[in-house]
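Only one structure is covered here, and it is reproduced in the block below.
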Amino acid sequence: MAVRDGQLLFTEVAEDLEKKRRRFGKNLLFSNRLDAESEWIIQHYNSKTLIEDDFKLLKDPDLVRTRPIRHWTDTKIRAFCFCCGMALVLIRVMMRMTHQAGMQMSAAVLKQELCDLKEVIMIYDASQAVRKVTARSTIQQRLWELFDLGTVEQELTRHTTSG
């Protein structure tokens, strides 16, 4: 295309334009499974976005962050990658639980809501201190109940005396 005297001119050959028009919005899928139904191939092709989303989570610097790897030995690199993989599994399980509970949340929003929960230690004097978890919003309360974080709170706020 070109512009001459304020007019849009099509400089491409007409058959090139026709080829592009016919091809626009179409994909060719190749498979080595000759016995597979076309619906099965299309379904699996469309599900690739789930895997791509997982790779985005692995690369997200605010969530899992697989890069940069600050390890030198093979065993430490494998352990680091294993921990990143387990973090991804944990995030996906939590997202599935919230989805089943009717709460549509992205991984970033879920993390932010849970990170806003804080444990506070209130010291009244040298012999008395109380541990509390901060007040929760409605969404945080639903997550609290969904993930059964009350049992964690009991462990965190259990008063222990040292003699």
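Since every read-out is calculated from the coordinates, none of them should be taken as a lab result. Bear in mind the structure is a predicted one, so any value in this text is a computation, not a measurement. Glycine also receives a Cβ, built like all others from the backbone with ideal geometry; neighbour counts cover every protein chain displayed.
Quick notes on this one:
- Max mean-square fluctuation residue, GNM over the chain, Cα-Cα springs under 10 Å, options Asp60, Asp116, Asp125: Asp125
- Descending principal axes extents, the chain, alpha-carbon based, whole Å: 90, 51, 41
- Rotationally averaged projected area of region 116-157 (alpha carbon convex hull; nm²): 3.1 nm²
- Gain on full extension, evaluated as 0.36 nm per residue between Asn46 and Leu29 minus their Cα-Cα distance, stands at 5.0 nm.
- Relative contact order, whole percent, for the chain stands at 10, derived from Cα pairs under 8 Å and 6 or more residues apart.
- Annotation note: GluC sites (Glu not before Pro) in region 35-143 located in DSSP loop regions with a Cβ neighbour count of at most 13 within 10 Å are Glu37.
- Within the listed set Thr49, Thr98, Thr75, the residue fluctuating most in the Gaussian network model of the chain (springs between alpha-carbon atoms under 10 angstrom) is Thr75.
- Cβ-based charge dipole, the chain, positive-most Cα from Trp72, Ala36, Gly6: Trp72
- Helix-only [θ]222 nm of the chain, DSSP H runs n ≥ 4, -39500 (n - 2.57) each, per residue, nearest 500: -16000 deg cm²/dmol
- Within straight-line reach of Lys19, meaning a Cα separation under 19 Å, there are no lysines at least 8 residues removed in sequence or on another chain.
- Here Lys111 is the anchor, and the aspartates and glutamates within straight C-alpha reach of less than 17 Å, apart from those fewer than 8 places off in the same chain, are Asp53, Asp54, Asp60, Asp62, Glu119, Glu145, Asp148.
- Once the C-beta distance of Arg131 and Val89 is scaled by a Förster radius of 30 Å, the resulting FRET efficiency is 0.50 to the nearest 0.05.
- Sites listed here are chymotrypsin sites (Phe, Trp or Tyr not before Pro) in region 13-116 whose DSSP assignment is loop and whose Cβ has at most 12 other Cβ atoms within 10 Å: Phe24, Phe30, Trp72.
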